[in-house]
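The values are calculated or read from the model by the stated rules, or taken from the named source; none is laboratory data. Note that the structure is predicted; figures quoted are calculated from it, not measured. Every residue, glycine as well, gets a Cβ built from its backbone with ideal geometry; the counts of neighbours run over all protein chains shown.
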């Protein structure tokens, strides 16, 4: 079977069956591509419906605006928390954090180590020492102020030991 159209474009020697087979292969490839495209579109539609479940464009917009507002609130709270933490750290510098205690017998005739020297210091080694001396006559307590790890009044052996323990804690 000869085709005048094929002869006019210079393809008169080609069998028309080859052309038909080529067209069938092309149709089959296009059909496969159509199926793949439909499957991808179906998956995309399912994801979209899951994302938009119970939402219209108005409510979705308000939800996104709400999320941005929440983020702004979280940023402000984080900034406020940072300020409060810095304030707490500043105040902790003046809180008694270092403690040194030495128990001893003030008088040889008394036992049980009822006397003690207690050093209480903040971060800058400022604070005081309480010295409590127990005797048969009673109990006497003394305090000595400590500034930057030093005392203007001379310290006894136990007081110096309590101060050293507190400063190296």
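Closer than 30 Å to residue 4 by Cβ, at pLDDT below 95, part of a helix (DSSP H, G or I) and out of contact with any strand residue (DSSP E or B) (no Cβ under 7 Å at 6 or more places or on another chain): is that true of residue 27 in this structure? Step through it out loud before you land on a result.
Values: closer than 30 Å to residue 4 by Cβ: yes; at pLDDT below 95: no; part of a helix (DSSP H, G or I): yes; out of contact with any strand residue (DSSP E or B) (no Cβ under 7 Å at 6 or more places or on another chain): yes.
In short, no.
Filter segment 137-169 for residues that are loosely packed, with under 12 Cβ neighbours inside 10 Å, out of contact with any strand residue (DSSP E or B) (no Cβ under 7 Å at 6 or more places or on another chain) and more than 15 Å from residue 99 (Cβ to Cβ) and give the result.
Answer for segment 137-169, where residues must be loosely packed, with under 12 Cβ neighbours inside 10 Å, out of contact with any strand residue (DSSP E or B) (no Cβ under 7 Å at 6 or more places or on another chain) and more than 15 Å from residue 99 (Cβ to Cβ): 137, 138, 148, 150, 152, 154, 157.
Give the residue, chosen from 45, 90, that is part of a helix (DSSP H, G or I) and surrounded by 10 or more Cβ atoms within 10 Å (Cβ to Cβ).
45
Quick check on this structure: which one of 133, 102 is touching a residue at least 24 places away in the same chain (Cβ under 8 Å) and more than 44 Å from the chain's Cα centre (by Cα)?
After ruling out the rest, the residue left standing is 133.
Here are the criteria: (1) at pLDDT 90 or above; (2) surrounded by 15 or more Cβ atoms within 10 Å (Cβ to Cβ); (3) outside any strand (DSSP E or B). Tell me which single one residue 71 does not satisfy.
(2)
Residue 63 is checked against (1) within 30 Å of residue 51 (Cα to Cα); (2) not in a helix (DSSP H, G or I) and fails just one. What number does that condition carry?
(2)
Pull up segment 136-169, narrow it to residues that are in contact (Cβ under 8 Å) with a residue 60 or more places away in the chain and outside any loop (DSSP other than H, G, I, E, B), then point me to the one that is farthest from residue 90 (Cα to Cα).
Pass one, segment 136-169, residues in contact (Cβ under 8 Å) with a residue 60 or more places away in the chain: 161-167, 169.
This time we only want the ones that are outside any loop (DSSP other than H, G, I, E, B), so: 161-167.
Values: 161: 29, 162: 26, 163: 23, 164: 24, 165: 24, 166: 20, 167: 20 Å.
Out of the qualifying residues, it is 161.
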